[in-house]
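Below you'll find the structure, written out as structure tokens, and then a few comments.
The values are calculated or read from the model by the stated rules, or taken from the named source; none is laboratory data. Worth saying up front: this structure is predicted, and the values here are computed from it rather than measured. Cβ placement follows ideal geometry from the backbone for every residue including glycine, while neighbour counts extend to all protein chains displayed. The accessibility values were calculated without ligands, DNA or RNA, using every heavy atom of the protein model including side chains. Shrake-Rupley method; radii C 1.70, N 1.55, O 1.52, S 1.80 Å.
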Amino acid sequence: MITAQNIRKSFGHAHALKGVNFHIKKGEYVSLLGINGAGKTTLIRIISALTKPTEGNIIVSGVPLKKNPNLIRRLIGVMSHFTFLYGDMSAEENLKFYGNMYNVPDLHDKIDQLLVKVNLNTRRYDLVRTFSRGMQQRLSLARAILHDPHILLLDEPFAGLDVNAEKLLTDLIHDYVSGGMTILLTTHDINYALRHSQRIFVLKEGELVKDDVSGALTRNEIAELLSV
Amino acid sequence: MIALKQILAILRKDILLELRSKDIIVSMCVFAFIVVIVFNFTFDPTTQQIKISAPGILWVALLFSGNIGLSRSFAREQENSMMQGVLLCPVDRSLIYIAKVIGNVIFMTIVQLIILPVMVILLDLSIGHVLPQLLVVLFLGTLGFAGIGTLFSTISANTKSREVMLPILLFPVSVPVILSATKSTAYLLSGKDIGQSLSWIKLLVGFDVIFLVICFLLYEYVIEE
Amino acid sequence: MKNIKLTYLVLIVITYMLVLTGLYLAFIYAPPEKTMGDVQRIFYFHVPSAWVSFIAFFVVCLAGIIFLKTGKEQWDRLAASSAEIGVLFIVIVLITGPLWAKPVWNTYWTWDPRLTTSFVLFLIYAAYLMLRSYVSNKERGARFAAVFGIIGFVDVPIVYMSIRWWRTQHPTPVIGGGSGSGLAPEMLTTLMFCLLAFTFLYITLLVLRYQSEGVVKEFQALKHKLQN
């Protein structure tokens with residue numbers, strides 16, 4: 001589903017990524033762990049076609065990124081700690097804007113369906129500015145999957161959420177996991193990663209130092225990998 | 001078709017946001033008024049001198065307020081990394097440029113349509129006989145300025161002091177556009193050398209084309225992170 | 001490494017000799033001008049400075065284009081070094097010009113196309129240097145600089161053209177004709193030689209500046225590594 005081939009990102013003497021390789025299969029739920037500055041954000045940006053890698057290529061569903069970035073952008077949905085929602089527009093207007101940008105067919109029905117799904121149907125005409133952080137993140141999830149992506153990238157989606165809001169969002173994400181969506185999550189929360197994902201990547205100083213498929217790694221082992 | 005839909009989507013969103021907040025157009029108008037008033041104090045408004053300076057005053061007011069509008073329009077996208085959300089969409093980067101230029105031209109034109117009558121009254125100008133030509137010149141000058149300004153405001157929005165950086169980048173590079181726009185306006189208002197203004201208008205069109213093409217081609221390099 | 005150092009040394013020695021000879025030609029060999037007198041000798045520094053600033057800005061543009069195509073940091077460094085030298089020489093142009101103009105035209109400044117263009121050029125490249133120092137993301141800043149450097153250079157002939165049109169509408173005091181017209185052969189030789197000497201001076205300064213910038217970058221990278 002997603003293959004990273006020797007991804008490097010460097011500028012002069014600064015090396016953000018030093019040759020990252022991996023292959024994620026369809027339907028896998030992968031967590032990407034790493035301290036700040038390990039290169040997580042850079043990697044996510046490269047996969048979501050926001051930044052070009054200095055070397056290497058990403059292949060999503062057989063499409064190489066360097067050849068057709070817009071096709072990759074269509075296959076990927078991104079939800080981050082930034083909501084990418086306009087505060088001065090209503091929930092519906094925000095989804096309409098993004099729906100038009102992705103050229104989503106039957107946009108009206110799609111928006112109705114998604115707003116019900118993320119439980120914001122009663123607030124659809126309210127300005128996003130008036131939403132709580134949890135509601136904004138739920139709407140942001142709706143924005144990310146509006147165009148039925150094959151892959152969902154979650155970049156610290158739980159930052160700034162309370163326990164309830166986190167649980168609500170987790171349940172929503174799990175619906176999509178059981179629906180066969182491929183997920184790549186970056187987080188600081190080792191426990192969360194262990195509990196929810198099937199596979200764990202540990203990124204350190206721009207290198208993938210651990211790719212744990214079996215789930216055999218314990219919390220302490222991961223913490224040790226991260227800290228040293 | 002999709003390209004047109006995307007341009008319209010961005011444009012509609014920018015206009016909607018401006019209708020809700022009105023901060024770009026209001027701040028531009030207020031600033032343009034202030035420029036006109038300050039010129040009235042610094043020159044003697046009762047003499048003939050002010051009429052000769054009128055094209056200059058008009059363009060200074062439009063360009064300085066335009067500068068403010070341009071820096072606001074990108075500062076808005078900067079809050080909450082909004083631009084990233086747009087960049088995630090499967091949209092050619094140059095389409096974003098086109099949509100932003102159109103939006104900025106619309107906002108600046110609205111300000112002009114408010115400022116122009118005020119200036120005509122305050123400076124006692126007679127523009128009736130050249131109104132269509134004058135509007136064409138205003139549009140062309142605005143197009144060139146917004147064309148360069150859209151690219152540079154994307155740059156300056158990502159620097160440490162964006163309000164300072166934009167005019168420093170924008171004004172020296174726009175000298176040809178500023179010069180030809182002011183000259184064609186001056187000839188139109190003088191009422192004598194209409195023919196002269198035509199050759200300046202042609203030059204202005206040429207500058208617009210050059211700047212728009214080059215900014216269009218380079219835009220993807222400044223918008224991407 | 002040794003070979004490179006030797007090349008530098010040879011370059012520096014050649015430049016030194018050329019500049020010394022240039023000084024001799026400008027002050028002793030070339031005859032004083034009939035009407036302007038000795039003040040005209042400033043012309044042997046003024047014109048080559050303008051020439052150097054022009055090549056310097058051309059190099060900024062060219063290096064910018066290559067940088068955008070390749071993403072290699074060296075080209076950005078070359079552009080930055082060249083821009084600094086270009087600004088230095090355009091400042092020399094702007095200082096020597098009025099010094100010559102005052103006794104000859106009886107005014108320090110006229111809004112002649114060449115003078116005005118030089119002044120706008122100075123503003124553009126001063127802005128270029130400011131832009132470089134105002135960006136925190138190094139790679140993105142380099143792209144900004146490259147784009148601005150390209151537009152700035154394309155702007156030069158356009159600015160010149162527009163200002164020439166502007167000034168010819170109002171006749172100004174006639175400026176001394178084309179630089180080559182009616183020069184005594186000794187004067188022409190001196191001018192040509194000074195152009196050569198200044199070109200070498202530019203190359204030497206560029207090489208040294210580029211090199212020292214490289215050392216700075218390397219030092220910063222090492223410091224960064226030690227801090228982590």
Out of C:Tyr44, C:Tyr24, C:Tyr210, a Gaussian network model of chain C with alpha-carbon springs under 10 Å gives the largest mean-square fluctuation to C:Tyr24
The extension gain from A:Ser132 to A:Lys167, computed as 0.36 nm times the residue separation minus the Cα-Cα distance, is 11.1 nm
The equivalent-ellipsoid semi-axes of chain A, taken as the square roots of five times the Cα gyration tensor eigenvalues and listed largest first in whole Å, are 30, 21, 16
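Before we go on, tell me the buried accessible area for the B/A pair, both chains summed, 1.4 Å probe, in Å² to the nearest 100. Don't skip to the end; give the middle numbers.
On the way: alone 11350 and 11250 Å², together 19850 Å².
In total, this chain pair buries about 2800 Å².
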Cα extents of region C:2-227 along the principal axes, largest first, in whole Å, come to 65, 45, 27
Extension length gain for C:Trp111 and C:Lys72 (0.36 nm per residue less Cα distance), in nm, is 10.0 nm
Taking the chain alone as reference and the full protein assembly as comparison, with a 1.4 Å probe on protein heavy atoms only, the residues of region B:43-90 that lose at least 50 Å² of accessible area are B:Asn80, B:Met82, B:Gln84, B:Leu88, B:Cys89, B:Pro90
Calculated from DSSP helices alone, with each H run of at least 4 adding -39500 (n - 2.57) and the total divided by the residues of chain B, [θ]222 nm to the nearest 500 comes to -30000 deg cm²/dmol
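Grab the other residues whose beta carbon is less than 15 angstrom from that of B:Asp23, score K and R as +1, D and E as -1, and report the net.
-1
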Taking a crude spin-label model, label points 7 Å out from Cα along the C-beta direction, the B:Leu8 to C:Ala126 distance in nm is 4.7 nm
Once accessible area is computed for A alone, C alone and the pair with a 1.4 Å probe, the total buried surface, to the nearest 100 Å², works out to 600 Å²
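Tell me the net charge near B:Pro176. Cut-off is 14 Å between Cβ atoms, B:Pro176 excluded, with +1 for each Lys or Arg and -1 for each Asp or Glu.
On the way: positive: B:Lys183, B:Lys202, C:Arg164, C:Arg167; negative: B:Asp208, C:Asp155.
Combined, the nearby Lys, Arg, Asp and Glu give +2.
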One finds the C-alpha centres of region A:127-191 and region A:41-101 to be spaced, in Å, by 15 Å
Expressed in angstrom and ordered largest first, the alpha-carbon extents of the protein assembly as shown along the principal axes are 93, 76, 39
With Rg from the Cα atoms and Rh as the Kirkwood inverse mean 1/r over Cα pairs, chain B has an Rg/Rh of 0.99
Which of B:Gly128, B:Gly66, B:Gly191 fluctuates most in a GNM of chain B (C-alpha springs under 10 Å)? That residue is B:Gly128
Note: C:191-198 gets an average of partner chain Cβ contacts (10 Å, Cβ to Cβ) equal to 0
Along the dipole axis of chain A (charges at Cβ: +1 for Lys and Arg, -1 for Asp and Glu; origin at the Cα centre), the most positive-end residue among A:Ser31, A:Leu172, A:Val104 is A:Val104
Averaged over the residues of C:153-161, the number of partner chain Cβ atoms within 10 Å of each residue's own Cβ comes to 4
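On a 20 Å Cα-Cα criterion, which of the cross-link pairs C:Lys72/C:Lys223; A:Lys18/A:Lys210; A:Lys9/A:Lys67 come out too long?
Beyond 20 Å between Cα atoms: C:Lys72/C:Lys223.
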Region C:121-148 and region C:29-74 have their Cα centres apart by a whole-number Å value of 21 Å
Within the set C:Thr190, C:Thr21, C:Thr199, GNM on chain C using Cα springs under 10 Å gives the largest fluctuation to C:Thr21
Here, B:Asp23 and A:Arg219, labelled 7 Å along Cα→Cβ, have an inter-label distance in nm of 4.4 nm
The summed charge of the C:Gln220 Cβ neighbourhood (under 13 Å; Lys/Arg +1, Asp/Glu -1) stands at +2
